[in-house]
Amino acid sequence: MPASDSRTSILDTESETAGSDRLRADSTSLRVAYVLFLGMGLATLLPWNLFISASEFYKYQFGGSTHQQTFHNSFSVVYMVTNFASNIYAMLTVTRSNPNKRIAFGLAANTISYM
């Protein structure tokens, strides 16, 4: 009986160690996922907040035109449709594409759009 008890305690210790390693791995992957989702949220909302914060600038730029009072609506529709279409495309092609090319293309597109 004592031998059986010692084997059981060794097995339990090994399973606890494996469980704690798995827990640490899960915790790390959750942190990585959290940081990635935070980055995606910032990348999505930062341009939107830029348009909203600069409303006085755009009122001045569109002064005297038909868009002076309605530019918020135009910006909202264009931004949301583009963002939605980009997210749908990204979700549909994520398994078929090369991540390095996707990142390079995204960075190039951002750089060109801000020039």
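In nanometres, what is the gap between the two model label sites at VAL94 and TRP48, each 7 Å from Cα along Cα-to-Cβ?
1.9
Under the Karplus relation 6.51 cos²θ - 1.76 cosθ + 1.60, θ = phi - 60°, what is the ordered set of whole-Hz ³J(HN,Hα) values for region 89-97, x standing for Gly and Pro?
Whole-Hz 3J(HN,Hα) from phi for region 89-97: 4, 4, 5, 6, 10, 5, 7, 9, 10.
Between LYS59 and ASN83, take the C-beta separation as r, use R0 = 25 Å, and let me know the FRET efficiency to the nearest 0.05.
0.60
Any idea how far apart THR66 and ALA108 come out in nm if each label point goes 7 Å out from Cα toward Cβ?
3.8
What accessible surface, in Å², does a 1.4 Å probe find on SER86, ignoring ligands, DNA and RNA and rounding to the nearest 10?
The accessible area comes out at roughly 60 Å².
Heavy atoms only, probe 1.4 angstrom, no DNA, RNA or ligands counted: give me PHE71, PHE105 ranked by accessible area, highest first.
Details: PHE71 5, PHE105 150 Å².
Putting PHE71, PHE105 in descending order of accessible area: PHE105, PHE71.
The values are calculated or read from the model by the stated rules, or taken from the named source; none is laboratory data. Since the model is a prediction, treat every value here as computed from it, not as a measurement. With ideal geometry, Cβ positions are generated from the backbone for all residues, glycine too; neighbour counts draw on all protein chains shown. Remember, those area values only see protein heavy atoms, side chains included, never the ligands or the DNA or RNA. Shrake-Rupley method; radii C 1.70, N 1.55, O 1.52, S 1.80 Å.
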